Amino acid sequence: TMRYQCRVSALAVLVVVFAVGGSQRGNAETLEEAWCFATAHNAKLGAAHIQSEASALDVSAARAGRLPDASLRTSYNVRTDERAFRSPVALPGGSNLPFSQREAAATEAQVLAPLYTSGRIKNSILKAQASLVASQHDAAATHADLLLAIGEAYLGVLRAQREVAVARQDLDTRAAHTAEVQSLFQQQRAPRNDLLSAQVTTAAAQQAHLASKHRLRTARAAYNRLLGRPLGIQVELTELQIPLLPQPLEELEQIGWQQRPE
């Protein structure tokens, strides 16, 4: 059974996220919950951890190559009759001459120890250790990339939701303006060109609203894909408040060079 850590270092993702308590909804998912769910269910990350564990076993196997190999085998035979051969010439004591006992036991012990391998075992151990370090770094990089991708997808869904709300407000405003121009035109207080212009801008606002809804569905599908869920599942996310970076860009770059395994 594999256990995954749900605690995420702020230096690994270079962002610290705090949920706004007043904007939370009962079933809304937080970014930390999304990280924990993806860490436990992502197939690529699970494969990276399994590869790391396999590399650790390879190191143990390579180290066992320089130890002696001992084996012990024991056998016991029981026959119905004592094995013998018959002589055509009459011999003293009878014509049957036994040559094997009716019951027999045998034991064999063997010990194999490498005396000189010209550095083969030592180099095999070094190779296995290097593969272990590489697999551990690969698992850490995969974990960090997954968290970063989920964070970007999470913010993408929130951004798309805001865009839909803004597009809806713009559509309502332009529709109300068109209705007002329509009323003025019916009263012959506005020219037809003003009415046509208002209708065109309303149609453009309606198209922009439909496009924003499509982008929201796409962002939700991308978010669900990263979490290993069906693409059409409804997504309810908690609003976030991202504070300013605690350190200047130069220091963050140095931290990135030191922390990122690749």
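The values are calculated or read from the model by the stated rules, or taken from the named source; none is laboratory data. Being a predicted model, the structure only gives us computed values, none of them experimental. All Cβ positions, glycine included, derive from the backbone under ideal geometry; neighbour counts span all protein chains shown. Side chains included, ligands, DNA and RNA excluded: accessible areas come from the protein's heavy atoms. Shrake-Rupley method; radii C 1.70, N 1.55, O 1.52, S 1.80 Å.
Please go through region 73-86 and pick out each residue that is more than 30 Å from VAL111 (Cβ to Cβ), modelled with pLDDT of 70 or more and not hydroxyl-bearing (Ser, Thr, Tyr). Passing the criteria: ARG79, ASP81, GLU82, ARG83, ALA84, ARG86.
I'd like to know if region 65-73 contains one or more residues that are at negative phi and either part of a helix (DSSP H, G or I) or surrounded by 14 or more Cβ atoms within 10 Å (Cβ to Cβ) (or both). Among the residues of region 65-73, at least one is at negative phi and either part of a helix (DSSP H, G or I) or surrounded by 14 or more Cβ atoms within 10 Å (Cβ to Cβ) (or both), which makes the answer yes. Name the single residue that is modelled with the highest pLDDT among those in region 40-58 being within 18 Å of ALA222 (Cβ to Cβ) and either more than 12 Å from the chain's Cα centre (by Cα) or surrounded by 14 or more Cβ atoms within 10 Å (Cβ to Cβ) (or both). Per the criteria, the residue is LEU45. Remark: pairs (first residue in region 87-108, modelled with pLDDT of 75 or more; second residue exposed (fewer than 10 other Cβ atoms within 10 Å of the Cβ); Cβ separation under 6 Å; 6+ apart in sequence or on different chains) = GLU103/VAL78; ALA105/TYR76; ALA106/SER75; THR107/THR74; GLU108/ARG73. Taken over region 153-167, the criterion of being open to solvent by less than 20 Å² (accessible area, probe 1.4 Å), out of contact with any helix residue (DSSP H, G or I) (no Cβ under 7 Å at 6 or more places or on another chain) and closer than 24 Å to THR201 by Cβ is satisfied by no residue.
Do we find a residue being without any contact (Cβ under 8 Å) to a residue 12 or more places away in the chain, loosely packed, with under 15 Cβ neighbours inside 10 Å, under 44 Å from the mean Cα position of the chain (by Cα) and in a helix (DSSP H, G or I) anywhere in region 168-177? Among the residues of region 168-177, at least one is without any contact (Cβ under 8 Å) to a residue 12 or more places away in the chain, loosely packed, with under 15 Cβ neighbours inside 10 Å, under 44 Å from the mean Cα position of the chain (by Cα) and in a helix (DSSP H, G or I), which makes the answer yes. For region 74-86, the criterion of being open to solvent by 90 Å² or more (accessible area, probe 1.4 Å), touching a Phe, Trp or Tyr at 6+ places or on another chain (Cβ under 8 Å) and assigned to a strand (DSSP E or B) is satisfied by at least one residue. Quick one: is ILE150 in a helix (DSSP H, G or I), aliphatic (A, V, I, L, M), farther than 30 Å from PRO230 by Cβ and open to solvent by less than 30 Å² (accessible area, probe 1.4 Å)? It is false that ILE150 is in a helix (DSSP H, G or I), aliphatic (A, V, I, L, M), farther than 30 Å from PRO230 by Cβ and open to solvent by less than 30 Å² (accessible area, probe 1.4 Å). Considered as a group, the residues in region 226-254 that are within 24 Å of CYS36 (Cα to Cα) and either among the basic types (Lys, Arg) or part of a helix (DSSP H, G or I) (or both) include one that is least open to solvent (accessible area, probe 1.4 Å), and that residue is LEU226. Against the condition more than 28 Å from GLU239 (Cβ to Cβ), part of a helix (DSSP H, G or I), open to solvent by 50 Å² or more (accessible area, probe 1.4 Å) and at pLDDT below 95, how does GLN182 come out, does it pass? Yes: the conditions hold for GLN182.
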